[in-house]
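Participant: Following this message is one structure expressed as structure tokens.
The values are calculated or read from the model by the stated rules, or taken from the named source; none is laboratory data. All of these numbers come straight from a predicted model, not from anything done at the bench. Neighbour counts are summed over all protein chains in view; Cβ atoms, including those assigned to glycine, are modelled from backbone coordinates with ideal geometry. SASA here: full protein model, heavy atoms, side chains in, ligands and nucleic acids out. Shrake-Rupley method; radii C 1.70, N 1.55, O 1.52, S 1.80 Å.
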Amino acid sequence: MYDFLELNKMVETGKVKVVKELVQNALNDGVSPAAILNEGLLPGMNAVGEKFKNNQVYIPEVLISARALNTGIGLLKPLLSADAVEKPGVAVIGTVHGDLHDIGKNLVKMMLESKGIEVIDLGVDVTAEQFLDAAAEHGAQVICCSTLLTTTMFEMENVVKEAAARGVRDNLFIMVGGAPLSDAFCEKIGADCYMPDAASAADAALAWLKEKNA
Ligand code: B1M
């Protein structure tokens, strides 16, 4: 079992240079990129999240940790994406209107790309119209909506409604995810799939694309 304690702490305290070194050391020691991500990097960010909730740290500290997290993810990205061989289809991804959190969304994007899926990244604060316009423009069959805020969750329902209004609902797999969501919420708004983490989201998108295009 690899000891990720220092890496957890260095993400939490936003030490970009040390995070880089520790990620590289773990890779050199043969630790899998997925383990480095899930056990080394993300727990550090979660620890900051808890402190943020309790007003023990504030936005600048959170951003400094997010930068360290993203540096680590950047080193892992080519390795996590390396084994994609097929091109199963196209997905549009974005963080919904009103929400600027993008770290989880970027992870989902990376995992989708690791499955060979072409991803059109619309960034943050994306309206229902923008999701549907991009899906039409790029011939995407999958729409991935991310949000971390309870105040913006219902923007996802607008995506489902907009797809129906345009008469394209049945052609699209609308996936939702983000910390405040659940299966029950997904069902309530009429989306197709909720997944709790980036890796299972990519698995679900790939499975649906394969079945649809078989
Ligand atoms: Co914000 N923030 N934040 N924040 N922030 C949270 C989300 C919060 C839970 C903190 C807290 O109070 N504990 C809280 C939300 C409370 C709520 O709504 N219930 C919160 C708040 C309140 C806010 C502000 C309103 C604060 C303020 O200004 N007063 C503000 C909102 C601004 C806005 O968006 N309009 C704000 C701002 C910020 C920062 C800018 C400082 C920064 C964002 C930086 C950035 O994203 N570029 C930030 C951060 C970093 C956080 C925390 C600390 C960490 C989020 C994160 O990146 N986690 C967060 C607390 C926490 O989550 N512990 C918090 C790591 C990331 C990998 O996880 O995004 O959950 P996550 O993604 C996961 C899964 O959810 C899933 O996969 C990933 C893992 O594999 N997933 C999907 C995500 N999308 C998916 C889509 C899928 C499937 C799975 O399918 C399509």
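Participant: If I filter the stretch 62-82 down to residues being within 12 Å of the ligand (Cβ to nearest atom) and surrounded by fewer than 15 Cβ atoms within 10 Å (Cβ to Cβ), which single residue comes out as farthest from GLY49 (Cα to Cα)?
Facilitator: Among them, the one singled out is ARG67.
Residue by residue, here is whether (1) farther than 20 Å from MET45 by Cβ; (2) open to solvent by less than 50 Å² (accessible area, probe 1.4 Å) holds:
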{"position": "VAL92", "(1), (2)": "yes, yes"}
{"position": "VAL96", "(1), (2)": "yes, yes"}
{"position": "ASP99", "(1), (2)": "no, yes"}
{"position": "GLY104", "(1), (2)": "no, yes"}
{"position": "GLU118", "(1), (2)": "yes, no"}
{"position": "ASP125", "(1), (2)": "yes, no"}
{"position": "GLU129", "(1), (2)": "yes, no"}
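Residue by residue, here is whether (1) open to solvent by less than 30 Å² (accessible area, probe 1.4 Å); (2) closer than 21 Å to SER114 by Cβ; (3) among the hydroxyl-bearing types (Ser, Thr, Tyr); (4) in contact with a Lys or Arg (Cβ under 8 Å, 6 or more places away or on another chain) holds:
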{"residue": "LEU7", "(1), (2), (3), (4)": "yes, no, no, no"}
{"residue": "GLU12", "(1), (2), (3), (4)": "no, no, no, no"}
{"residue": "ALA34", "(1), (2), (3), (4)": "no, yes, no, no"}
{"residue": "ASN38", "(1), (2), (3), (4)": "no, yes, no, no"}
{"residue": "ILE59", "(1), (2), (3), (4)": "no, no, no, no"}
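Participant: Give VAL92, VAL48, VAL62 a once-over and let me know the one that is modelled with pLDDT of 90 or more and at negative phi.
Facilitator: Details: VAL48 fails: modelled with pLDDT of 90 or more; VAL62 fails: modelled with pLDDT of 90 or more.
Selected residue: VAL92, the only one of VAL92, VAL48, VAL62 that is modelled with pLDDT of 90 or more and at negative phi.
Participant: Here's something else I'd like to know. Being outside the structural domain of GLY14 (by TED's automatic domain parsing) and part of a helix (DSSP H, G or I), is that true of even one residue in the stretch 48-67?
Facilitator: We begin by selecting, within the stretch 48-67, every residue outside the structural domain of GLY14 (by TED's automatic domain parsing); these are none.
No - not one qualifying residue is present in the stretch 48-67.
Participant: Show the residue pairs that are 6+ apart or on different chains and have beta-carbon atoms under 7 Å apart, the first residue being within the stretch 169-194 and more than 12 Å from the ligand (Cβ to nearest atom), the second being of a type in the set (Asp, Glu).
Facilitator: Pairs found: ILE189/GLU157.
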